[in-house]
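> Here you go, one structure.
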Amino acid sequence: MDYQWYPGHMTKAKRMMQEDIKLIDLIIELVDARIPVSSRNPDIDELGKNKARVILLNKADLADDAANREWNDFFAEKGYLTVLLDARSKAGMGTLTNVIREACREKIERDRRRGIINRPVRAMVAGIPNVGKSTFINTFAGKACAKTGNRPGVTKGKQWIRLNKNVELLDTPGILWPKFEDQTVGLRLAMVGSIRDEILNVQELALELIRFLKEAYPGALDARYGCGEQPQDAAVLAEIAKSRGCLLKGQELDYEKASGILLDDFRSGKLGRITLERPLLPSGAK
Ligand code: G4P
């Protein structure tokens, strides 16, 4: 997350994905459950055509339960297999193994007809930065999993992690670039911390978050900061600054610091489980 995306980065990332995709049967695509559409790069549909796909709604522990279900249904309707996940925990990984098999059923059948039995499914993890790819690989692969090492005929330097007798995972994830041409998408990516705060003014970001929370999660701000009902968004930020003792010299309120606290609290789930976009609401990015 310590880089910005320039055309050069995108070209390189795309080229690497194109190379790696040749080696695999299945893409495990990670999106952020709080912004499942904004955290997706739709180019993956073109890059990964003809490959099986599973979509992981990761960081589901930070997202609204009802919204998680809606998103699950949304992607299921589009024909994707999805799994709600907290990549830091092993719970849910068993379900995922079954879903992977389901996603690759055609390939397994095809192999069987050709007399190839028990050839493991080869998978790669892909997603935009900060979505949880490394965490997922570490948790899913665990300590017990042996690296299979280079295989003859496979591009040199590629490491495969054998997850079980059915699945092998490429140890380097495919990095997709965030796509934030749309201002709302950029805003949501910044709110969850997937693009750098420097891109947007922190105070403006905090005020946008306050505006959203007041409408979609009324009471969440008051529950944490005791700020009551403030008609003005800036007044909420002032209350946060007061309640957290954010003061500049001369007792002036430090809005910048209060904004940082609010954003950190949101990103770490201290304001509750919150989803920024919903599939059925008109405001949800489609
Ligand atoms: P990346 O490889 O896709 O860039 O993402 P990475 O695994 O580095 O994860 C980015 C951050 O998201 C990490 O936090 C990680 O712990 C957190 N994370 C990943 N999956 C989940 C999840 O399902 N739920 C929650 N709540 N958090 C998740 P960090 O603050 O950058 O690092 P650290 O504090 O964990 O060291």
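The values are calculated or read from the model by the stated rules, or taken from the named source; none is laboratory data. Just so it is clear, the model here is predicted, and its values are computed rather than measured. Ideal geometry is used to build each Cβ from the backbone, glycine not excepted, and the neighbour counts take in all protein chains shown. Areas reflect the complete protein model, heavy atoms only, side chains present, ligands, DNA and RNA absent. Shrake-Rupley method; radii C 1.70, N 1.55, O 1.52, S 1.80 Å.
> So what are the ³J(HN,Hα) numbers for the range 85-100, from phi and the Karplus equation (6.51, -1.76, 1.60; θ = phi - 60°), rounded to whole Hz, Gly and Pro as x?
8, 10, 5, 7, 10, 6, 4, x, 6, x, 4, 4, 4, 5, 5, 4
> Follow-up. Hey, what number do you get for the chain at 222 nm if only DSSP H runs of n ≥ 4 count, each worth -39500 (n - 2.57), divided across all residues, to the nearest 500? Before the final figure, lay out each step's value.
On the way: 11 runs with 117 residues, N = 286.
When only DSSP H runs of four or more count, the value is -12500 deg cm²/dmol.
> Starting from the Kirkwood Rh over alpha-carbon pairs, what translational D in µm² s⁻¹ does the chain have by Stokes-Einstein at 4 °C and 1.567 mPa s? Walk me through the numbers on the way to the answer.
Values: Rh = 20.5 Å.
Rounded to a whole number, D works out at 63 µm²/s.
> Also, quick follow-up: What's the longest uninterrupted piece of the chain once you rule out the GluC sites (Glu not before Pro) that are loop residues per DSSP with at most 10 other Cβ within 10 Å? Don't skip to the end; give the middle numbers.
Details: sites that count: Glu181, Glu252.
It runs 1-180.
> Here's another thing I want to ask about it. Report, to the nearest 10°, how far helix 7-21 tilts away from the longest principal axis of the Cα atoms in the chain, using its own Cα long axis and a range of 0 to 90°.
The two axes meet at around 40 degrees.
> Please tell me the relative contact order of the chain in percent, rounded to the nearest whole number, where contacts are Cα pairs under 8 Å and at least six residues apart.
Details: 452 pairs, mean separation 61.7, N = 286.
For the chain, the relative contact order is 22 percent.
> Between helix 183-192 and the chain, what is the angle of the helix's C-alpha long axis to the longest principal axis, kept within 0 to 90° and rounded to the nearest 10?
90
> Antiparallel as a % of all DSSP beta bridges within the range 8-171, to the nearest 5? It would help to have the intermediate numbers written out before the result.
Details: 4 of 22 bridges.
The antiparallel proportion sits near 20 percent.
> If you don't mind, another one. So if the hydrodynamic radius of the range 24-148 is defined as the Kirkwood radius over C-alpha pairs, what does Stokes-Einstein give as its diffusion coefficient at 25 °C and 0.890 mPa s, in µm² per second?
D = 162 µm²/s.
> Here is a follow-up. If the cut-off is 24 Å between C-alpha atoms, which lysines fall inside it for Lys214, apart from same-chain ones fewer than 8 positions away?
The qualifying lysines are Lys59, Lys242, Lys257, Lys270, Lys286.
> State in Å² the accessible area per residue of the chain; use a 1.4 Å probe, count heavy atoms of protein chains only, and round to the nearest integer. Write out the running numbers ahead of the final one.
Working: 14580 Å² over 286 residues.
So the chain comes to 51 Å² accessible per residue, rounded to a whole number.
> Report relative contact order for the range 201-268 in percent, whole number only (criteria: Cα-Cα under 8 Å, sequence separation at least 6). Can you show the working numbers first?
Values: 60 pairs, mean separation 21.9, N = 68.
Result for the range 201-268 is 32 percent.
> Roughly how far apart, in whole Å, are the Cα centres of the range 86-120 and the range 59-76?
The two parts, judged by their Cα centres, are 23 Å apart.
> Percent antiparallel among DSSP beta bridges with both residues in the chain, to the nearest 5? Before the final figure, lay out each step's value.
Working: 5 of 25 bridges.
Beta bridges within the chain, antiparallel portion: roughly 20 percent.
> Which angle between 0 and 90 degrees, to the nearest 10, do you get for helix 255-267 versus the longest principal axis of the chain when only C-alpha atoms count?
The angle comes out at about 40 degrees.
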